[in-house]
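Here's the structure, in structure tokens; my notes come after.
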Amino acid sequence: MEISFASKRVLVTGAAKGIGRALAKRLASYGAEVVAVSRSKEGLDSLAAEMKNIKTICVDLSDWDATRKAIKSAGAIDCLVNNAAYATPLESFLDAKPESFDMSFAVNVKAVINVSQVVVEGMIQRKKGGSVVNLSSQASQAALPQHTIYCGTKGALDMVSRVMALELGPHNIRVNCVNPTVVMTDMGRVGWADPEKANSMLAKIPLGRFAEVDEVVDAVIYLLSDKASMINGVTLPIDGGFLAT
Ligand code: NDP
């Protein structure tokens, strides 16, 4: 299957590292002009130095007004990937902190709404349709110990995405989620570096392994592309069968 993003402008949040960084590079290699958004200037600078068709915007997505201004400055966008998320500290339900709740929901849910509103308004005005992919998680649909708040944000993200799909479909704007299992990025290591925890999760994944960054990137690329032109409102597990059990 040949996929091209030539002449497309794609905005990726959380592109300084992990899945977002690999995705930005893959999109650029398929001909897209990528707008990479993240908080760390150093990470963004090194990304832009690697590929010439990546522009960068440095902003803290938990700041509503600064984010709105920054995303408006990006100009016309054809495809959007809401990938950034706060690595919520591991806390049991009884220990879950209000500050963990505020930061997690600010980045994982509120910023998705904020960024999408700005980008989608432009898509609607230009009447050329568009595609949005939100990085959710298996944690949106399965209870994971010590993940009360993170699970809550991803469950909320799945439902926000479905309402977006419902309301934006008539404008030919598709909105989908991908829902990976553990990926050993910096965020993945927060929850699963401990071998005992990793092994208990691996035992519940029929394929018996975690996902690779490129396996998540492949699914996002597909959903963003015209090859997925009739797919709207789905939550696609990339979990080796974890959610099927
Ligand atoms: P990483 O922690 O590796 O990268 C997250 C990126 O988001 C970083 O570039 C980070 O910026 C950015 N970011 C975080 N907070 C903000 C903020 N306030 N403002 C701007 N940028 C911010 O995460 P992953 O690559 O692992 O995760 C990507 C997505 O995939 C997330 O939505 C995550 O929930 C989801 N996911 C991850 C899984 C995993 O096991 N890794 C499993 C399932 C889903 P900076 O570099 O500046 O900190």
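Working note: Karplus 6.51/-1.76/1.60 with θ = phi - 60° gives the stretch 142-156 the couplings 10, 6, 10, x, 6, 10, 3, 6, 4, 4, x, 5, 6, x, 5 Hz, where Gly and Pro are set to x.
Let me know the charge dipole size of the stretch 9-236 about its Cα centre in debye, to the nearest 20, where only the beta-carbon of Lys, Arg (+1) and Asp, Glu (-1) is charged. Working shown, then result.
Working: 25 positive and 23 negative charges, 137 e Å.
With Lys and Arg at +1 and Asp and Glu at -1, about 660 debye.
Taking every protein chain into account, the 1.4 Å probe leaves Thr56 with about 60 Å² of accessible area, to the nearest ten.
Taking only protein heavy atoms into account and a 1.4 Å probe, give the accessible area per residue of the chain in Å². Spell out each step's value before the answer.
Details: 11640 Å² over 245 residues.
Ligands and nucleic acids excluded, the result is 47 Å² per residue.
Each label point was placed 7 Å from the Cα along the Cα-to-Cβ direction; for Lys197 and His171 their separation is 3.9 nm.
Derived scalar couplings between HN and Hα for the stretch 101-116 equal 4, 5, 5, 5, 6, 5, 8, 7, 10, 5, 5, 5, 5, 4, 4, 5 Hz in order, rounded to whole Hz, by the Karplus curve 6.51 cos²θ - 1.76 cosθ + 1.60 (θ = phi - 60°), x for Gly and Pro.
Extension gain, Asp226 to Met1: 0.36 nm times the residue separation minus the Cα-Cα distance gives 79.9 nm.
How do His171, His147 stack up against each other in accessible area, from largest to smallest, with a 1.4 angstrom probe? Let's see the in-between values first.
Numbers: His171 85, His147 25 Å².
In descending accessible area the options line up as His171, His147.
Were the residues from Asp218 through Lys204 laid out at 0.36 nm apart, the gain over their Cα-Cα distance would be 2.7 nm. Each Lys or Arg adds one and each Asp or Glu takes one away; over the other residues whose Cβ falls under 13 Å from the Cβ of Val34, this sums to +4. Extension gain, Arg189 to Glu121, is 20.9 nm, computed as 0.36 nm per intervening residue step minus the present C-alpha separation. Using +1 at the C-beta of Lys and Arg and -1 at the C-beta of Asp and Glu, which of Pro237, Met201, Asn176 has the Cα lying farthest in the positive direction of the dipole of the chain? Looking along the dipole axis, the top candidate is Asn176.
What number do you get for the stretch 9-236 when its Cα radius of gyration is normalised by 2.2 N^0.38 Å, N = residues? Mind dumping the intermediate values first?
Values: Rg = 16.8 Å, N = 228, 2.2 N^0.38 = 17.3 Å.
That works out to 0.97 for the stretch 9-236.
For Ser200, the accessible area of its heavy atoms, probed at 1.4 Å with every protein chain present, is near 60 square angstrom.
Considering helices alone, the calculated mean residue ellipticity of the chain at 222 nm is -13000 deg cm²/dmol, with DSSP H runs of length four and up weighted by -39500 (n - 2.57) and normalised per residue. Of Trp64, Trp192, the order by accessible heavy-atom surface (1.4 Å probe, DNA, RNA and ligands excluded), from most exposed downward, is Trp64, Trp192.
For the stretch 51-102, the set of trypsin sites (Lys or Arg not before Pro) satisfying both a DSSP loop assignment and a count of at most 16 other C-beta atoms within 10 Å is given as Lys52. Apolar share of the accessible surface for the chain: 55 percent from carbon plus sulfur atoms, 1.4 Å probe.
The values are calculated or read from the model by the stated rules, or taken from the named source; none is laboratory data. The model shown is predicted, which means the values in this text are computed figures rather than measured ones. FYI the Cβ positions are ideal-geometry reconstructions off the backbone, even for glycines, and counts take in every protein chain you see. Surface areas here come from the heavy atoms of the whole protein model, side chains and all, with no ligands, DNA or RNA. Shrake-Rupley method; radii C 1.70, N 1.55, O 1.52, S 1.80 Å.
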